[in-house]
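Participant: One structure, pasted below without further comment.
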Amino acid sequence: MKYFLLPVLAIICWSCNQESGYKKATDAQDAGREFIRASLDGDVQKAKFYMLKDSANLHMLHNTWKKGYYDKLIDDERRQYREAQIRPIKIEPITDSLVNYVYTNSYKSHDTTVITIVKQEGEWLVDLKQVHTWHH
């Protein structure tokens, strides 16, 4: 019996350690697009995957964005965000490891947002601490 349990436990441990099934971003544009899509869809787990995971960013994602904004939307607004298209305006490299992604979406096209994407340990991730929004 113990010989049967050992492989089962190994498989369970391996499964728990696997990433959520999301593919790592190949560049800043990919990271930005995936993060924005997840945000528009209300998919916190996916957004978190493409985000720089420090305490400030995690707080902003969960408390400011999810609980403070997204959860308060009515169903029709959430649907419109899920159906919205991402409209990139400019993808601007600042350095070889820092990129600003300027975009709007088809639902709130008057709001222009700039997210900063950083390359850290070979991985492109969104840094929410540097997000800026302008309302036209």
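Computed from the coordinates by the stated procedures, all read-outs in this text should not be read as laboratory data. Quick caveat: nothing in here was measured; it's all calculated off a predicted structure. For neighbour counting, all protein chains shown are included, and Cβ atoms are generated from backbone atoms with ideal geometry for every residue, glycine included.
Participant: All but one of (1) in contact with a Pro (Cβ under 8 Å, 6 or more places away or on another chain); (2) outside any strand (DSSP E or B); (3) not aromatic (Phe, Trp, Tyr) hold for Val99; state the number of the condition that does not hold.
Facilitator: So Val99 meets the others, but not (2).
Participant: Check Val114, Val126, Val102 and return the single one that is in contact with a helix residue (DSSP H, G or I) (Cβ under 9 Å, 6 or more places away or on another chain) and β-branched (Val, Ile, Thr).
Facilitator: Sole residue among the options that is in contact with a helix residue (DSSP H, G or I) (Cβ under 9 Å, 6 or more places away or on another chain) and β-branched (Val, Ile, Thr): Val126.
Participant: Of everything in region 62-86, what is more than 16 Å from the chain's Cα centre (by Cα) and outside any loop (DSSP other than H, G, I, E, B)? Give them in sequence order.
Facilitator: Asp71, Lys72, Asp75, Asp76, Glu77, Arg78, Arg79, Gln80, Glu83, listed by residue number.
Participant: Further, regarding this structure: State yes or no: is Ile86 touching a residue at least 12 places away in the same chain (Cβ under 8 Å), within 16 Å of Lys108 (Cβ to Cβ) and not aromatic (Phe, Trp, Tyr)?
Facilitator: For Ile86, the condition - touching a residue at least 12 places away in the same chain (Cβ under 8 Å), within 16 Å of Lys108 (Cβ to Cβ) and not aromatic (Phe, Trp, Tyr) - is met.
Participant: Within region 29-44, track down each residue that is closer than 18 Å to Tyr70 by Cβ and either of a type in the set (Asp, Glu) or over 8 Å from the mean Cα position of the chain (by Cα) (or both).
Facilitator: Once the filter is applied, which keeps residues that are closer than 18 Å to Tyr70 by Cβ and either of a type in the set (Asp, Glu) or over 8 Å from the mean Cα position of the chain (by Cα) (or both), region 29-44 yields Glu34, Leu40, Asp41, Gly42, Asp43.
Participant: Same structure, new question: Please work out which one of (1) free of Cβ contacts under 8 Å to residues at least 24 places away in the same chain; (2) surrounded by 12 or more Cβ atoms within 10 Å (Cβ to Cβ) is the condition Glu121 fails and give its number.
Facilitator: (2)
Participant: Scan region 45-55 for residues that are closer than 21 Å to Val102 by Cα and part of a helix (DSSP H, G or I) and report the count.
Facilitator: The total comes to 4.
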